[in-house]
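The values are calculated or read from the model by the stated rules, or taken from the named source; none is laboratory data. This one's a predicted model, so the numbers in the text were calculated from it and none came from an experiment. Please note: Cβ atoms are built from the backbone with ideal geometry, for glycine as well, and neighbour counts cover all protein chains shown. Note: areas computed on protein heavy atoms with side chains; ligands, DNA, RNA excluded. Shrake-Rupley method; radii C 1.70, N 1.55, O 1.52, S 1.80 Å.
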Amino acid sequence: MKKILNCGMKFLLALFVGLTAISCSNNNDSILEPQPEENPLPDEDITSWTFCVEGKQWDGVAWNERGDFPFSFILKGDTIISGKKCKKVYHQYERMYFDNQYHYCAALREEGDKVYLIQKDDTTLKLLYDFSLKEGDEFHYIDSKDVVEKVVAIQEIVSQNEVVRLFVFEEITSSRYRQRGYVMEGVGGLRSPIDPWGWSRDGISFRVLKCTVNGQVLYEGKKTIDSPLSDRQDG
């Protein structure tokens, strides 16, 4: 009888542990953030103007006739995706998430002059920026095979005593909007760092107002379509 009871207890205990493990696994599956790298490699030749820098933050605003809606992006922590070291991107946007928390939204991988985007729930590296473009070069917008952006000018501007390039893209017009893409070295799209052209959606426009790294201001902008630079940088 004791043996039967002991066997029964062991079976129930094993069943409980198994169900608990399944429950924990299901809870973890709801967390869409990729797992962090256990032993991250040290970054080499990192400067403030390197694109993927720990702690880099973009603060901006989305707006329509109903008012302004602040948003932020921040690079925080490393992860391994498809065998490559990537920097995790977190997004704060109350209008989308209905809270003021930062939510994992994507990952970035920098290789030379190119920056790749890995969207949430995906492992595919898609070219987001190419800082080797020359005037007249064409760039295919990341989410569209039909939209091609052409570099119409490359301006040199001074920020933090550094000369950096501002890529100005051809204006795209439609019955719903007229927009021009601006991409700044070390900062990215001046509408959104992970959506460089920041297409208007449901009548909402986007603009990055500031980009910082550990308190150092790399870019300050203003809410305008014609010139995204601050008066200080325009001058």
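A few remarks follow.
- Flag for Asp99 being open to solvent by less than 70 Å² (accessible area, probe 1.4 Å), free of Cβ contacts under 8 Å to residues at least 60 places away in the same chain, assigned to a loop (DSSP other than H, G, I, E, B) and not polar (S, T, N, Q): yes
- Scanning segment 122-159 for residues that are modelled with pLDDT under 90 and assigned to a loop (DSSP other than H, G, I, E, B) yields a count of 7.
- Any hit, segment 84-92, residues being modelled with pLDDT of 90 or more and either among the acidic types (Asp, Glu) or outside any strand (DSSP E or B) (or both): no
Residues checked against (1) over 17 Å from Glu111 (Cβ atoms); (2) touching a residue at least 40 places away in the same chain (Cβ under 8 Å); (3) within 16 Å of the chain's Cα centre (by Cα):
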site	(1), (2), (3)
Gly55	yes, yes, yes
Asp59	yes, yes, yes
Trp63	yes, yes, no
Gly67	yes, no, no
Ile74	yes, no, yes
Ile81	no, yes, yes
Lys87	no, no, yes
Tyr90	yes, no, yes
Tyr93	yes, no, yes
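- Number of the condition not met by Tyr129 [criteria: (1) surrounded by fewer than 17 Cβ atoms within 10 Å (Cβ to Cβ); (2) closer than 20 Å to Leu190 by Cα; (3) in contact with a strand residue (DSSP E or B) (Cβ under 7 Å, 6 or more places away or on another chain)]: (1)
- So Lys88, is it closer than 22 Å to Leu218 by Cα and basic (Lys, Arg): yes
- Selection within segment 160-176: residues that are over 20 Å from Cys52 (Cα atoms) and loosely packed, with under 12 Cβ neighbours inside 10 Å. The member of this set that is modelled with the highest pLDDT is Asn161.
- For segment 105-125, residues that are open to solvent by 60 Å² or more (accessible area, probe 1.4 Å), charged (D, E, K, R) and without any contact (Cβ under 8 Å) to a residue 40 or more places away in the chain total 3.
- Residue satisfying all of: in segment 177-220; modelled with pLDDT of 80 or more and among the polar types (S, T, N, Q); farthest from Gly112 (Cα to Cα) among these: Ser205
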